[in-house]
Amino acid sequence: MISVAPKTESVAQFVVFIRGEKVLLDLHPAELYQVETRALKQAVRRNRERFPDDFLFELTAREMDALVSQSVIPSWKNFGGAAPYAFTEQGVAMLSSVLRSPRALQVNIANMRTFVQLRRLMDSNRDLARKIETMEKRYDEKFAAVFEAIRQLIAEDTDRKAQPRRQIGFHP
């Protein structure tokens, strides 16, 4: 069977923001790596020394409730009865050393590309904000309302891009 690498867009839809970090929950890498979540977690537990706290953390009940209430996860059943692991960018990279298969390599490459794209997007928004701030200092108060409106549009755009988009149409 030929294994096709996931597209960057398909990985990006799984990224969530928890504890100030962009993370992937264990069920999503398991799906991408085409292994059971149970097997992925078992591999991580066997190699726990490779996953320090800044690479991986276990969600609390409150965080799980928040994910379900925000419809990031449809219901508690999707957690499989155990608190999920949340993998940071470094944790996702470390998964490729724990899961050794051609599919794991392809998924790891797609994951790295996704996190790089997210970082570039955040940096470009920061650069734009700095440029607006510089312009605002240069001009008088007449343009303050214009600059504030632009700042709000940037914030809305960033919020919209950070949220996963539902695909429209029939998907077999």
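Which pairs turn up if I take residues in the range 11-33 that are within 16 Å of ALA82 (Cα to Cα) and look for partners that are surrounded by fewer than 17 Cβ atoms within 10 Å (Cβ to Cβ) with beta carbon separation below 7 Å, at least 6 apart in sequence or on another chain?
Sorted first by the residue in the range 11-33, then by its partner, the pairs are LEU27/ASN78; ALA30/GLU36.
Residue under question is VAL98, and the condition is that it be under 30 Å from ARG38 (Cβ atoms) and at pLDDT 75 or above; does it hold? Give the steps one after another, and end with the answer.
Numbers: under 30 Å from ARG38 (Cβ atoms): yes; at pLDDT 75 or above: yes.
Here the answer is yes, as VAL98 does meet what is asked.
Which residues, taken from the range 99-138, are β-branched (Val, Ile, Thr) and surrounded by 17 or more Cβ atoms within 10 Å (Cβ to Cβ)?
Step one: list which residues in the range 99-138 are β-branched (Val, Ile, Thr), which gives 107, 109, 114, 116, 132, 134.
Passing the criteria: VAL107, THR114.
Here is a list of conditions, (1) out of contact with any strand residue (DSSP E or B) (no Cβ under 6 Å at 6 or more places or on another chain); (2) surrounded by 16 or more Cβ atoms within 10 Å (Cβ to Cβ), and PHE57 meets all of them except one; can you say which number that is?
(1)
Confirm whether THR88 is at pLDDT below 65, out of contact with any Pro (no Cβ under 7 Å at 6 or more places or on another chain) and closer than 22 Å to GLY20 by Cβ. Break it down stepwise before answering.
Values: at pLDDT below 65: no; out of contact with any Pro (no Cβ under 7 Å at 6 or more places or on another chain): yes; closer than 22 Å to GLY20 by Cβ: yes.
In short, no.
The values are calculated or read from the model by the stated rules, or taken from the named source; none is laboratory data. Keep in mind that this is a model prediction, so the values were computed, not measured. Reconstructed Cβ throughout: ideal geometry from the backbone, glycine too, with neighbour counts over all protein chains shown.
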